[in-house]
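**Q** First, the structure itself, so that you have it in front of you.
The values are calculated or read from the model by the stated rules, or taken from the named source; none is laboratory data. Since this is a predicted model, take the numbers as computed values, not measurements. As a convention, Cβ positions derive from the backbone with ideal geometry for all residues, glycine included, and neighbour counts pool all protein chains shown. Ligands, DNA and RNA are excluded from the accessible area calculation, which covers all protein heavy atoms including side chains. Shrake-Rupley method; radii C 1.70, N 1.55, O 1.52, S 1.80 Å.
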Amino acid sequence: MARSDSIRSYKQHKLDPNESFDAIVIGSGMGGLTCAALLARDGERVLVLEKHYTAGGFTHVFKRSGYEWDVGIHYIGGVNHPRALLYTLFHYLSRGELEWADMGEIYDRVWFGDEHFDFRKGAENFKAGLKERFPEPEDQQAIDRYVELVKQANEASRTFFAEKAVPRAVSWVAGGRMRKKYLDFAGRTTREVLEELTRNEKLIGVLTAQYGDYGLPPGRSSFAMHALVSNHYLHGGAFPVGGSSRIAETVAETIGAAGGLVLTNAPVESLILERNAAVGVRMADGRELRAPNIISSAGVVNTYRKLVPEEAGRSLGLPQQLDAVQPSVAHMGLYLGFKESTADLGLNKTNYWIYPDGSYDHDKNVEAFVADVNADFPVVYVSFPSAKDPKWEERYPGRATVDIITLAPYEWFDRWKDSRWKKRGDDYEAFKEQISQRLLEVLYRYEPQLRGKVDHYELSTPLSTRDFVSYELGEIYGLSHDPARFEQRFLRPRTPIKNLYLTGQDIVTCGVGGALLGGMVTVSAMKGRDYISKARAAALQEIEAHSS
Ligand SMILES: Cc1cc2nc3c(=O)[nH]c(=O)nc-3n(C[C@H](O)[C@H](O)[C@H](O)COP(=O)(O)OP(=O)(O)OC[C@H]3O[C@@H](n4cnc5c(N)ncnc54)[C@H](O)[C@@H]3O)c2cc1C
């Protein structure tokens, strides 16, 4: 599988000063790539500028010691069927080059000590699986009602997110109506909604066990976000064939086919504004690049605090808007490599969500851990990427990888904030080592055959996230998905600065699918046309033509 010729290094690729682009996209995450590819499929030349040495934002992979790890993809929902919405959108963006590997019947396994619960593919199987474990009639009713509410919330999300793309005048007249139904779900916490369905704490603990997918425990998360994630995976999980880097590689080819480029090692220092219009970007090396439209997928906080010149931002009240939103959580990730094949190690595709023994109150568990690092991990998520990618064995014969994730407040790392990668000091390394060993012990409890077989391990911290993907507080999901976030009308593609658009996870929601839809909404707002329908219709035609 070749890397894309359309991804080059800014340092090595000599950009012709006379070269012109129709748009510049800041950041090569899923949101930015989506915008660039949509415009490219309309024949526009787009330049994507990425700060990191590799493309893809959180969809990037990194390689070390003969292994490769995915950073921000462990599974994606809604791509298990050629007619599924996300499947068609990915098809359109990659011109059919991106392939998906289904994760099988059980995508998530939830552990509370030795007891486990399986999340099965398909709404009916999901319900039936849980009902076997919760046989009381009132619990069974609650499970049915829960799935019903999840579906209703998702239904209501359509006009809510569509409203972000409509012209200002339409929003002014119809915006309130388009947003209202979803806000009824979004304005309440997940716990509030679930407590209306059941008093069974164990059932609530199980139903909200995927909270790590958006970072906030049920007492703090918006039910709208919970419902999006729950519904997203209801028809199963899938993984990109060939690993996460295939997303950026295949989408970059689409961008390149129209004469565009993705440049890595290309940090944008600031936006260039003239008469309150964005006309270009100033690179960290001082070079100026101009285009009629500028799209930022660097996150709304980075865009408004760092990229918009300070005085212009202040006069438009942009930093004040940010006071209404919070950063999402930070994390620690343990990346493991084994010199044995996935099959020999007996690893499966199902993700594990591991919780403290018999403790179903996620909010209390998080609070206890934030107060005391020696408390039980509130959640340990274990993913087996080498088992999920059918091409892994071909790419890395006789090797396997495992990723482990837990939450970590950024504040714990604040004292090392001025240090550089790999030079943060012995105390930092000692702290990491202690956490790594504790996480390994959790893994060995559930996969004891792995003990003594780890060939490589390294722990990332919120400082790694800050330095590699440019989120100042190591946040992994952009803005926090609490009820207040969904109230904010400024989280939309159009900004008060002409020709400057926002995209990515802050515009719709976190998740690769959320960031992709963010890109769809942004281009729809720019062009005054529904790009989701356009891309889906074109993809369905292409899929049909290919299969006949
Ligand atoms: C550990 C982890 C696990 C996850 N697991 C999953 C999962 O299993 N499934 C799922 O669907 N989602 C998952 N996610 C979430 C998902 O990866 C993200 O929500 C999504 O990829 C965000 O896309 P984005 O385009 O909005 O932003 P990003 O991917 O963050 O892209 C923004 C890009 O902008 C660049 N940038 C910032 N400032 C500048 C600048 N000044 N100049 C140039 N470039 C700049 C950054 O370097 C970055 O590459 C996970 C995330 C993490 C961190």
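**Q** Suppose we filter the range 354-381 for residues that are among the charged types (D, E, K, R), free of Cβ contacts under 8 Å to residues at least 60 places away in the same chain and in a loop (DSSP other than H, G, I, E, B); how many remain?
**A** 2
**Q** If you take the residues in the range 454-491 that are open to solvent by 30 Å² or more (accessible area, probe 1.4 Å) and of a type in the set (Lys, Arg), which one is nearest to Gly175 (Cα to Cα)?
**A** That would be Arg489.
**Q** If you don't mind, there's one more thing I want to ask. Report whether or not Gly104 is among the small types (Gly, Ala, Ser), open to solvent by less than 60 Å² (accessible area, probe 1.4 Å), more than 15 Å from the ligand (Cβ to nearest atom) and more than 30 Å from Gln541 (Cα to Cα).
**A** no
**Q** Quick test of your reading of the structure: Arg145 fulfils all but one of (1) touching a residue at least 60 places away in the same chain (Cβ under 8 Å); (2) open to solvent by 30 Å² or more (accessible area, probe 1.4 Å); (3) basic (Lys, Arg). Name the failing condition by number.
**A** (1)
Let's see how each residue does on (1) surrounded by 19 or more Cβ atoms within 10 Å (Cβ to Cβ); (2) within 26 Å of the chain's Cα centre (by Cα):
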{"residue": "Asn365", "(1), (2)": "yes, yes"}
{"residue": "Glu394", "(1), (2)": "no, no"}
{"residue": "Asp414", "(1), (2)": "no, yes"}
{"residue": "Tyr444", "(1), (2)": "no, no"}
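**Q** How many residues does the range 124-142 contain that are open to solvent by 10 Å² or more (accessible area, probe 1.4 Å) and of a type in the set (A, V, I, L, M)?
**A** 1
**Q** Looking at the structure I just gave you, is Ala284 open to solvent by 20 Å² or more (accessible area, probe 1.4 Å) and touching a strand residue (DSSP E or B) at 6+ places or on another chain (Cβ under 6 Å)?
**A** Yes; evaluated as a whole, the condition is true for this residue.
**Q** Let me ask something additional. Among the residues of the range 368-375, is any open to solvent by 50 Å² or more (accessible area, probe 1.4 Å) and within 17 Å of Ala101 (Cα to Cα)?
**A** no
**Q** When Pro309 is evaluated against the numbered criteria (1) within 19 Å of Cys510 (Cβ to Cβ); (2) open to solvent by 20 Å² or more (accessible area, probe 1.4 Å); (3) touching a Ser or Thr at 6+ places or on another chain (Cβ under 9 Å), which criterion, by number, is the only one it fails?
**A** Here Pro309 clears every test but (1).
**Q** Please indicate, with yes or no, whether at least one residue in the range 384-404 is part of a helix (DSSP H, G or I), within 18 Å of Arg64 (Cβ to Cβ), touching a residue at least 24 places away in the same chain (Cβ under 8 Å) and touching a Phe, Trp or Tyr at 6+ places or on another chain (Cβ under 8 Å).
**A** Checking the range 384-404: at least one residue is part of a helix (DSSP H, G or I), within 18 Å of Arg64 (Cβ to Cβ), touching a residue at least 24 places away in the same chain (Cβ under 8 Å) and touching a Phe, Trp or Tyr at 6+ places or on another chain (Cβ under 8 Å).
**Q** Moving to a separate point now. Please tell me if Asn231 is in contact with a Phe, Trp or Tyr (Cβ under 9 Å, 6 or more places away or on another chain) and surrounded by fewer than 24 Cβ atoms within 10 Å (Cβ to Cβ).
**A** no
Yes/no matrix, rows are residues, columns are (1) of a type in the set (S, T, N, Q); (2) touching a residue at least 60 places away in the same chain (Cβ under 8 Å):
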site: Arg282; (1), (2): no, no
site: Glu288; (1), (2): no, no
site: Ile294; (1), (2): no, yes
site: Ala298; (1), (2): no, yes
site: Val301; (1), (2): no, yes
site: Glu311; (1), (2): no, no
site: Leu318; (1), (2): no, yes
site: Gln321; (1), (2): yes, yes
site: Ala324; (1), (2): no, yes
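**Q** Please go through the range 88-101 and pick out each residue that is assigned to a strand (DSSP E or B) and either open to solvent by 20 Å² or more (accessible area, probe 1.4 Å) or assigned by TED's automatic domain parsing to the domain that holds Gln140 (or both).
**A** Once the filter is applied, which keeps residues that are assigned to a strand (DSSP E or B) and either open to solvent by 20 Å² or more (accessible area, probe 1.4 Å) or assigned by TED's automatic domain parsing to the domain that holds Gln140 (or both), the range 88-101 yields only Trp100.
**Q** When you scan the range 220-331 for helices (runs of 4 or more DSSP H) that lie fully inside it, which ones turn up with 3 or more residues that are among the charged types (D, E, K, R)?
**A** 245-257, 310-315
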